[in-house]
Amino acid sequence: MNVQWYPGHMTKAKRMMQENIKLVDLVIELVDARIPQSSRNPDIDELGKNKGRVLLLNKWDLADEGKTEAWSRYFQKQGFHVVKLNSRTGAGVKSINGVVQEACREKIERDRRRGILNRPVRAMVVGIPNVGKSTFINSFAGRACAKTGNKPGVTKGAQWVRLNKQVELLDTPGILWPKFEDPQVGLRLALIGSVKDEILNVEDLSLELLRFLKKEYPGTLAERYKVEEDQEEAELLYGIAGNRGCLLKGNQPDPRKAAAILLEEFRSGKLGRMTLEIPVAED
């Protein structure tokens, strides 16, 4: 399954970020803890070179805990300051202010030597669509500063948010990159909901998810949907449709409706905590 999505507004958003990067001291990058590498836009490393870097493993409450620890170690070795985060509930948010100060320690010390005191750290918040940037900012600020939604593409332009005397954030729109060279990257982004479902074949996508679950999390489908896992994926989907009452006229199973249920329950964590990829060194 080959997934590609790069609407025109993302080119404009990338250009805006390139223009604003000179105004910030730090780049705070949110990734989805279920696909930490695949949810990293490769353009961000170039954009944020010579800047402090903080990486937030967001939605870690939905991810496999052991694999999240492995990813945290992996990124720390790459030189990132790493925080595990659930921006929706605020878990992990309190530690971020200290991490930001640590990531910019040299800059703060340089300012102090120049006699510049109490200048706030300015940080650009970046990430792919639907990764939770705006929810994080609202949680960090303790008030509603940025629009939020559970579909990609809610933040349309950049906006500055002053959190406190120490930190100012620049919220940016979620952007992908023009082409996913690895088909698995596009597939994983589609599975977590960072690509609009409207452009996808949700049945094909659900078959990919079933294939993954059978291999990596055996027993999950049997327990949740009361199906035999030793079937082909298409048969499994029909079984889920029947057991969930997803029926067309004539009592025929409705695989499209079953696919939508499966994807929603995976994305919301109802199938359990799951991670779709592991660090290369731990593979």
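Bear in mind that the values in this text are calculations on the coordinates, not laboratory data. Everything quoted here is computed from the prediction, not taken from an experiment. When we count neighbours, we look across all protein chains shown, and the Cβ atoms used for this are built from the backbone with ideal geometry, even at glycine.
A few notes on this one:
- Highest-MSF residue in the chain out of Ile261, Ile116, Ile199 [GNM, Cα springs under 10 Å]: Ile116
- Counting only DSSP beta bridges with both residues in the chain, the antiparallel share comes to about 20 percent.
- For the chain, the dipole from Cβ point charges (+1 on Lys and Arg, -1 on Asp and Glu) about the Cα centre works out to 1840 debye, to the nearest 20.
- Between 0 and 90 degrees, the angle of helix 255-267 with respect to the longest Cα principal axis of the chain falls at about 40 degrees.
- Neighbour-count order for Thr172, Thr220, Thr135, fewest beta carbons within 10 angstrom listed first: Thr220, Thr172, Thr135
- Three-way shape label, region 1-71, alpha-carbon gyration tensor, a/c 1.5: oblate
- Cα gyration tensor category, rounded, prolate or oblate, for region 9-171 with a/c compared to 1.5: rounded
- Evaluated at q = 0.14, 0.17, 0.23 Å⁻¹, the base-10 log of the normalised Debye intensity for region 28-105, with identical point scatterers placed on the Cα atoms, takes the values -0.42, -0.63, -1.14.
- Ellipticity at 222 nm from helices only: DSSP H runs of n ≥ 4 in the chain, each -39500 (n - 2.57), divided by the residue count, give -11500 deg cm²/dmol.
- Sorting Ser87, Ser95 by the number of Cβ atoms found within 10 Å of their own Cβ, with the fewest placed first, yields Ser95, Ser87.
- The fewest-to-most ranking of Leu248, Leu47 by surrounding Cβ atoms within 10 Å reads Leu248, Leu47.
- Length released on extending from Glu264 to Ile116, taking residue separation times 0.36 nm less the Cα-Cα span: 48.3 nm
- Among the lysines of region 158-283, pairs at least eight places apart or on separate chains and with Cα atoms under 24 Å apart come to 14.
- Which of Leu263, Leu207, Asn251, positive extreme of dipole for region 201-282 (C-beta unit charges): Asn251
- Geometric extent, Cα atoms of region 201-282 - Rg, Dmax (angstrom): 13.0, 52
- Look at (1) 35, 23, 18; (2) 31, 23, 15; (3) 38, 19, 16: the one that is semi-axes √(5λ) of the Cα gyration tensor in Å derived from this structure is (3).
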